[in-house]
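All remarks here apply to the structure that follows.
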Amino acid sequence: MVNQNFKVTTDIKDFLKKSRQHKKPYFYELKGKTFYITPNIMSPKFSYAPQFFMDYWNIQENDTVLDVGTGSGVLAIFASDIAKKVIATDINPYCLESVKKSIEINNADVELRIGNMFDIVKEDELFSKIFFNAPYFSRKPKDNLERAVFDKDYKAMEAFLKDAKHHLTRNGQVLVGFSELGDVKRIEKMMEFYMYEITRKDVETYGHTRILYTLDRWIPCGCPPI
């Protein structure tokens, strides 16, 4: 049965509780596409984050996209309707069954890889858009589901920012989804430390401010982009 009820929550305890109530896989419909959601992954049923990201991502048909931490695969599958090439990655092994089936259901042209961050991306693979819908809270995750919302000391964010720029095309951009619920000042200092030029979009939705960062590599004056 396809579930179309959208029950967004910004209370992290409530989000985890509702997510864990699903002990078996289920189908969820979003904007005309059907997603197969297994336990232990972040579900779009309870989070508006993927929809917010898609409202402002500005994908073009010649884009090559890398979706890091794809979760349920929502961003990757919708991006494949527009972009020339899409690769989705996640460290959570439960994503394999979920996203693979959702790709098949929607006949999406997405390559799925399971592994940590850029460890499963070849050194010479470059992308015009790299996505990361980041965890907001600096807490230690207890399981794979909590990896989607907790990032102790923002170590995953730092690892992402450190490596992402090395996989951008000449004019490529990094897009990071975040929220005022997290430590915004700390995250922005990281972005500056790793030499990104920051463009920030703030939108109030469902009781808090969501943020979409568009990051360009900082190029010193007089130095051509690589």
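For ASP67, which sequence-distant residues (separation of 5 or more, or a different chain) have an amide H within less than 5 Å of its own amide H, given hydrogens modelled in the peptide plane?
HN-HN under 5 Å from ASP67: ILE87, ALA88, THR89, PHE131.
Can you compute the radius of gyration and Dmax for the chain, using only the Cα atoms, both in Å?
Cα only, the chain: 16.7, 58 Å (Rg, Dmax).
Taking a threshold of 32 Å on the Cα-Cα distance, which of the pairs LYS17/LYS84; LYS45/LYS140; LYS33/LYS189; LYS18/LYS85 fall above it?
Long pairs (Cα-Cα over 32 Å): LYS17/LYS84; LYS33/LYS189; LYS18/LYS85.
Among bridges DSSP assigns within the chain, what percent are antiparallel (round to 5)?
The antiparallel fraction comes to roughly 50 percent.
How far apart, in nm, are two points set 7 Å out from the Cα along the Cα-to-Cβ line at LYS162 and at GLU192?
2.1
Read-outs: derived from the displayed coordinates by stated rules, not from any lab. None of these values were measured; they are calculated from a predicted model. Every residue, glycine as well, gets a Cβ built from its backbone with ideal geometry; the counts of neighbours run over all protein chains shown.
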